[in-house]
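The values are calculated or read from the model by the stated rules, or taken from the named source; none is laboratory data. Note that the structure is a prediction, hence the values are computed from the model and not measured. All Cβ positions, glycine included, derive from the backbone under ideal geometry; neighbour counts span all protein chains shown. The accessibility values were calculated without ligands, DNA or RNA, using every heavy atom of the protein model including side chains. Shrake-Rupley method; radii C 1.70, N 1.55, O 1.52, S 1.80 Å.
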Amino acid sequence: SMVPSCFRAGQGMAVAGERPRCPAGPGPGRGDEPFSPSVLGTREHWDAAYERELQTFQDIGDAGEIWFGEESMVRIIRWLEKQKVPCDSSVLDIGTGNGVLLVELAKSGYTNLTGIDYSPSAIQLSEKVTEKEGMPNIKLKDLKLWR
């Protein structure tokens, strides 16, 4: 039988019975030193970031950054449409931030939308953004379990 080219040895994928090849040399994750934690993994970082964005929104009405880029948001919506995901399907946005993805999903016709975040400032910001956009049916939840 023919093996797809993506499974041939030497192309980063392992063939049955063969050990996967890893880059040689020192570096994080290669046994000589542990990865350092990132500030992006801390609630304090996100609380401070969303407190600034909340203030900016209150001052000038700017919802802030789309953290993963507008193109990623468009790709998610296109994928949902291509998969024919019904508009009344439950959608949970984990780490919703400013809620902009949920707003775009609502504009695309999705109706059962919930956003959660562990930063209370992110939820406050997303509430203001969804209110400004006229999207009162988007549910937003502050995850108190991490406090």
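Observations, loosely collected:
- Count of segment 78-92 residues which are under 12 Å from ASN112 (Cβ atoms) and not in a loop (DSSP other than H, G, I, E, B): 3
- In segment 52-87, the residues that are among the hydrophobic types (A, V, I, L, M, F, W, C) and at pLDDT 75 or above: LEU54, MET73, VAL74, ILE76, ILE77, TRP79, LEU80, VAL85, CYS87
Quick grid of which residues meet (1) assigned to a helix (DSSP H, G or I); (2) open to solvent by 90 Å² or more (accessible area, probe 1.4 Å); (3) touching a residue at least 24 places away in the same chain (Cβ under 8 Å):
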| site | (1), (2), (3) |
| --- | --- |
| TYR110 | no, no, yes |
| LEU113 | no, no, yes |
| ILE116 | no, no, yes |
| ALA122 | yes, no, yes |
| SER126 | yes, no, yes |
| THR130 | yes, no, yes |
| PRO136 | no, yes, no |
| LEU140 | no, no, yes |
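- Complete set of residues in segment 92-105 that are surrounded by fewer than 21 Cβ atoms within 10 Å (Cβ to Cβ) and touching a Gly at 6+ places or on another chain (Cβ under 9 Å): LEU92, ASP93, ILE94, GLY95
- Within segment 90-107, the set of residues being at pLDDT 95 or above and among the polar types (S, T, N, Q) comprises just one member, SER90.
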